[in-house]
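Beneath this line is the structure, given in structure tokens, with notes to follow.
Derivation of every value follows stated rules applied to the coordinates shown; laboratory data play no part. Bear in mind the structure is a predicted one, so any value in this text is a computation, not a measurement. Cβ coordinates were reconstructed from backbone atoms using ideal geometry, including for glycine residues, and neighbour counts include every protein chain displayed.
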Amino acid sequence: MTRKNEQIILAKRPQGIPNMDTFEFKQTDIPEPEKNEVLVRTLYVSVDPYMRGRMREGKSYVTPFPLGEVITGGVIGEVIQSKADEFNEGDIVIGHLGWQEFSTARSNEIRSIDPDAAPISTHLGILGMPGLTAYFGLLDIGQPKEGETVVVSGAAGAVGSTAGQIAKIKGARVVGIAGTNEKIAYLKEQLGFDEAINYKTENSIKSALKQACPEGVDVYFDNVGGEISDAVISQFNTFARMPVCGAISSYNNTEPDLGPRIQPQLIKTRALVKGFLIGDYSSQYKEGARDLGRWLREGKLTYEENIVEGFHQIPSAFIGLFRGENIGKQLVKVADRNRS
């Protein structure tokens, strides 16, 4: 029997948290690469919170996923057939490809990665988009200084855990916010955060922040938005900086997200609040990757990966992001690399 190409398509636009009905599995023929294309067998798939926004209709900073088509995201794969001079069979590549077992890609849509420099999965995590997001958001917008207090929400995720560690490298005092005791222990015992707050067990997140940040907050790396961010902003020092990376607390809302009016607080503190996208720094990726790689080799950075195995586990791994199931980077391993 000829092998087919398994795909995952967006079956309908979710209301609230996506469920399995949001997705549909489909089988097609394995595509044939054309000139200047390669055929890539998927090894790892990245699932990321921002993808929830692409499941909505309406204008945003990125085009919504079309209904009835293959969902796309970060993928690491192996070239199994090449009609492009830049790539050979067996090359390990990374690109923005489909949730499918096999993809064709033009040579300018992928790039090679060195499988011997670090585990290949790290290029979807600490050495990839999440690590670079933490690096540029914290250092360009947050600009933490030695002795300042940095608060990170979503601190046990791939971006937050890296942002907090970079803040420690820069000499800051770091407070992380997460949602389980396991994550709190991870932040303090493995990553070296100075304090960590379990927002699900605190009666008052504002009181917990006052205790954890007795000298106020100088930098807030915001991954979640919502009531947590309202509480952190109330603790801002003069000239505080707030890189706004994500707002996962509202991604599945079915009604508009309302909160306190923050303008008086921002005027009083003269704080800087700036949203950003990793693509804003595309011309500086090499600089960021160089520093992240060096810190990783020197043992100044560490990382955690939550890897589930099996192509059919991709939707459930994605849904799990919104239940707070992962520590570190959430990945799905689809296949083993061919080492023959």
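Structure data summary
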quantity: Per-selection Rg to Rh, region 110-168 - Cα, Kirkwood hydrodynamic radius; calculated: 1.05
quantity: Max mean-square fluctuation residue, GNM over the chain, Cα-Cα springs under 10 Å, options GLY299, GLY320, GLY74; calculated: GLY299
quantity: Alpha carbon Rg of region 1-99, scaled by the compact-globule rule 2.2 N^0.38 Å; calculated: 1.21
quantity: Tilt relative to the chain, helix 285-297 - C-alpha long axis, 0 to 90 degrees, to 10; calculated: 80
quantity: Mean separation of Cα contacts under 8 Å, 6 or more apart, over the residue count of the chain: relative contact order %; calculated: 18
quantity: Local electrostatic count, LEU292, Cβ distance below 12 Å [Lys/Arg +1, Asp/Glu -1]; calculated: +2
quantity: Cα Rg, Dmax, region 87-214, angstrom units; calculated: 18.3, 58
quantity: Of LYS59, LYS145, LYS26, the one that fluctuates the most in a GNM where the chain has Cα springs shorter than 10 Å; calculated: LYS59
quantity: 18 Å Cα-Cα reach of LYS170 towards lysines, excluding residues that sit fewer than 8 places from it in its own chain; calculated: LYS145, LYS188, LYS300
quantity: Reciprocal of mean inverse Cα separation for region 145-240 (Kirkwood radius, Å); calculated: 12.8
quantity: Cubic angstrom per residue, convex hull over Cα atoms of region 201-276; calculated: 100
quantity: Rounded to the nearest 20 debye, dipole of the chain from Cβ charges on Lys, Arg, Asp, Glu; calculated: 740
quantity: Kirkwood hydrodynamic radius (C-alpha pairs) into Stokes-Einstein, region 225-340, 10 °C and 1.306 mPa s, D in µm²/s; calculated: 88
quantity: Largest-first principal axis extents of the Cα set of region 43-110 (Å); calculated: 40, 20, 19
quantity: Size-normalised alpha-carbon gyration radius of the chain, reference 2.2 N^0.38 Å; calculated: 1.02
quantity: FRET efficiency for LYS200 and ARG106, using Cβ-Cβ distance with R0 set to 56 Å, rounded to 0.05; calculated: 0.80
quantity: Gaussian network model of the chain, springs between alpha carbon atoms under 10 Å - residue of GLY142, GLY90, GLY279 with greatest fluctuation; calculated: GLY279
quantity: Overall dimensions of region 241-307 by Cα: Rg and Dmax, Å; calculated: 17.5, 46
quantity: Sites GLN263 and LYS59 - FRET efficiency at Förster radius 25 Å, r taken between beta-carbons, to 0.05; calculated: 0.50
quantity: Unit charges at the beta carbon, dipole of the chain: most positive-side option, GLN265, TYR220, ILE17; calculated: GLN265
quantity: Cα gyration tensor shape for region 167-293, rounded if a/c is under 1.5, else prolate or oblate; calculated: rounded
quantity: Using alpha-carbon coordinates, inclination of helix 158-169 to the longest axis of the chain, degrees; calculated: 50
